[in-house]
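The values are calculated or read from the model by the stated rules, or taken from the named source; none is laboratory data. Note that the structure is predicted; figures quoted are calculated from it, not measured. Cβ: placed from backbone, ideal geometry, glycine included. Neighbour counts: every protein chain shown. Each accessible area value is taken on the protein alone, full model and side chains, heavy atoms only, with ligands, DNA and RNA left out. Shrake-Rupley method; radii C 1.70, N 1.55, O 1.52, S 1.80 Å.
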Amino acid sequence: IVICHAHPRMQGTMKSPLLLAIAEDCVRRDFGVVRFNFRGVGNSEGTGSDGIDEVADAVGALALARESFRELPAGLVGWSFGGAVAARAAGQDGDVAACALIAPSTVERPGVIAELPPARDLGLTCPTLVACGSNDKVSLPADCRAWVEGAPNVRYHEINAANHFFWAKYDALTEAVGSFLQQTMT
């Protein structure tokens with residue numbers, strides 16, 4: 001499982017507590033996990049963009065995961081900005097076994113994130129889960145539901161009373177994501 005973090009300008013890194021909880025749950029479920037920082041974050045070289053250039057970072061992490069865990073299928077998980085990047089990467093790589101997008105950024109925010117084309121137009125062939133909090137004020141549930149609409153392999157899951165950071169809802173989120181990955185990748 002390759003994990004893509006939230007926007008660097010919003011303190012997103014591979015060490016975000018939400019993603020550490022997802023990674024730990026994936027390891028408990030016997031998945032190999034690759035976490036990485038997007039370009040320009042931590043010790044990573046390069047300069048960040050609006051989520052377009054970072055797709056190459058996610059594709060590179062997928063290549064590393066496939067090399068490291070040769071016998072296992074590769075999946076993607078992304079949160080917020082990282083969710084949009086993971087969706088684009090999964091659309092480009094037809095061999096991704098599953099993709100879980102946590103409150104993905106679907107709406108353009110100039111200078112921050114490019115608009116994410118609807119799921120049905122991205123070329124997503126793998127089973128994809130979009131998990132969003134009912135109280136999310138960053139990635140609005142209505143926007144995430146609209147993004148999923150009409151995509152045959154994509155399903156929407158809303159976590160009641162959760163915000164964008166899933167405070168006090170980590171258990172519900174990790175269960176939703178982990179169960180989805182386990183059902184689709186094993």
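Across the range 1-147, Cα-Cα distances exceeding 22 Å account for 32% of all pairs.
Rolling a 1.4 Å probe over the heavy atoms of the protein chains gives the chain an accessible area of 45 Å² per residue.
Applying a DSSP loop filter and a limit of 10 other Cβ atoms within 10 Å to the trypsin sites (Lys or Arg not before Pro) in the range 69-129 leaves 70. Once the Cβ-Cβ distance of residue 146 and residue 125 is raised to the sixth power relative to R0 = 25 Å, the FRET efficiency obtained is 0.75.
Computed from backbone phi, the HN-Hα couplings of the range 24-37 come to 4, 5, 4, 5, 4, 8, 6, 8, x, 10, 10, 10, 8, 9 Hz, rounded to whole numbers (Karplus: 6.51 cos²θ - 1.76 cosθ + 1.60, θ = phi - 60°; Gly and Pro given as x). Counting pairs of Cα atoms in the range 79-147, how many percent are more than 20 Å apart? Result for the distance tail: 20 percent.
Under the simplified labelling scheme, the residue 9-residue 134 pair shows an inter-label distance of 3.3 nm, with each label point 7 Å from Cα along Cα→Cβ. If you plug the beta carbon distance of residue 112 and residue 161 into 1/(1 + (r/R0)^6) with R0 = 35 Å, you get a FRET efficiency near 0.85.
Here the chain carries DSSP beta bridges of which approximately 5% are antiparallel, counting only pairs with both residues inside.
The accessible surface of the chain, taken with every protein chain in place and a 1.4 Å probe, is 50 percent carbon and sulfur. Cα extents for the range 102-186 along the principal axes, largest to smallest and rounded to whole angstrom: 33, 29, 19.
One equal scatterer on each Cα of the range 36-83, no solvent, Debye formula: the resulting log10 I(q)/I(0) at q = 0.16, 0.23 Å⁻¹ is -0.47, -0.88.
For the range 86-186, the list of GluC sites (Glu not before Pro) that fall in a loop by DSSP and count at most 10 other C-beta atoms within 10 angstrom is empty.
Remark: relative contact order (the chain) = 19 percent; criterion is Cα-Cα distance under 8 angstrom and separation of 6 or more residues.
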